[in-house]
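Scroll down for the structure; my scribbles are underneath it.
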Amino acid sequence: ESITAVGQHLIKMIDKKFGSIYGDTDSVMILMNDNYTKEDITKIEEEMNKLIAEELTKYNIMKNTLNIRFEKMFGKVYFYGKKKRYYGIVVLDENFNECNYVLARGLEVRRTDWCPLAVEYESNVLKILLEEGVKKAVEYHNSFINNIREQPNEKFVINKSITKPIDSYKTTPPHIKVATENDYIGSKIGYIVTSYRNDKIQSVSRDIDNARPSYKYYIEKQIKPIYERLLKPLVGIQMKLVV
């Protein structure tokens, strides 16, 4: 509790001087103008650390070893209403290298539970929302759904690990249905859902090359949840999308 309290105290102090737009227990975001330089960022970093050192010296006779450092810069960032939920386009990394990729916090799908197709869909929706707006993101969504059958099979693969002896599972998860005696604890099984009815997975296959994906499953259970979390709140209830 004391660690959290100290972090929050320092962030509030930094906010008063630098005007932060977001702060967490161990991080703070501030606005920079478009004409920033590496020297500007370094100077701000130094000023923040000086402020921290001066504040902590009041309460601790030991040498201060706590510091704040530049981690990344967003070109655009969108806060999603709840704490620790945001996404943005990173344009500068911690080494001041220029880059261009989407980073999400509190919104991203867990890579172990979702197929590459869902991860790709989420990343593209976020990037389009930031760069081109809601209308273009909706167009991308509709095109994605209409052309999902053209995607290669490897994008539908879901990977799950065996976490205990196969015969000790009380239920039979999809990856255990296709497990063999050669699989052991720690084995990662890649499979494709091939049949889905009545909100339940009926069959899966480890034959990645020849399996026929259940597109209904992937749309309803892999794509739709991401759509409802990212796009639906922005589109509004008046506009219905076919998913």
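Observations on the structure shown:
- Within the range 167-186, residues that are free of Cβ contacts under 8 Å to residues at least 12 places away in the same chain have Cβ atoms under 8 Å from residues that are outside any loop (DSSP other than H, G, I, E, B) in these pairs: Tyr169/Ile176, counting only partners at least 6 apart in sequence or on another chain.
- Taking the range 67-101 as the range and being of a type in the set (D, E, K, R) and either outside any strand (DSSP E or B) or within 22 Å of Thr25 (Cβ to Cβ) (or both) as the test, the residues that pass are Arg69, Glu71, Lys72, Lys82, Lys83, Lys84, Arg85, Asp93, Glu94.
- Annotation: of all residues in the range 52-66 being assigned to a loop (DSSP other than H, G, I, E, B) and closer than 28 Å to Leu92 by Cβ, the one that is least open to solvent (accessible area, probe 1.4 Å) is Asn64.
- Residue in the range 196-209 that is modelled with pLDDT under 95, within 30 Å of Tyr80 (Cα to Cα) and surrounded by fewer than 12 Cβ atoms within 10 Å (Cβ to Cβ) present: yes
This table checks each residue for (1) out of contact with any helix residue (DSSP H, G or I) (no Cβ under 8 Å at 6 or more places or on another chain); (2) more than 21 Å from Glu228 (Cβ to Cβ); (3) crowded, with 18+ Cβ neighbours inside 10 Å.
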site	(1), (2), (3)
Val91	yes, yes, no
Glu122	no, no, yes
Leu129	no, no, yes
Ala137	no, no, yes
Asn146	yes, no, no
Tyr184	yes, yes, no
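- Residue match in the range 219-235 (condition: open to solvent by 60 Å² or more (accessible area, probe 1.4 Å), under 30 Å from Lys136 (Cβ atoms), in contact (Cβ under 8 Å) with a residue 12 or more places away in the chain and acidic (Asp, Glu)): yes
- Among residues of the range 156-171, those that are of a type outside the set (S, T, N, Q), open to solvent by 50 Å² or more (accessible area, probe 1.4 Å) and either over 19 Å from Asp207 (Cβ atoms) or at pLDDT 95 or above (or both), counted: 5
- For the range 36-44, the count of residues that are surrounded by 12 or more Cβ atoms within 10 Å (Cβ to Cβ), in contact (Cβ under 8 Å) with a residue 40 or more places away in the chain and among the acidic types (Asp, Glu) is zero.
- Among the criteria (1) open to solvent by less than 80 Å² (accessible area, probe 1.4 Å); (2) in contact with a strand residue (DSSP E or B) (Cβ under 6 Å, 6 or more places away or on another chain), the one Thr180 does not fulfil is (2).
- One residue from Met13, Met48 being within 25 Å of Val90 (Cα to Cα), modelled with pLDDT of 90 or more and open to solvent by less than 60 Å² (accessible area, probe 1.4 Å): Met48
- Failed condition for Cys99, given (1) more than 28 Å from the chain's Cα centre (by Cα); (2) of a type outside the set (A, V, I, L, M); (3) surrounded by 11 or more Cβ atoms within 10 Å (Cβ to Cβ); (4) modelled with pLDDT of 90 or more: (1)
The values are calculated or read from the model by the stated rules, or taken from the named source; none is laboratory data. This one's a predicted model, so the numbers in the text were calculated from it and none came from an experiment. Quick reminder, even Gly has a Cβ in these numbers, built from the backbone with ideal geometry, and neighbours come from all protein chains shown. Please note that ligands, DNA and RNA were not included when accessible areas were found on the heavy atoms of the full protein model with its side chains. Shrake-Rupley method; radii C 1.70, N 1.55, O 1.52, S 1.80 Å.
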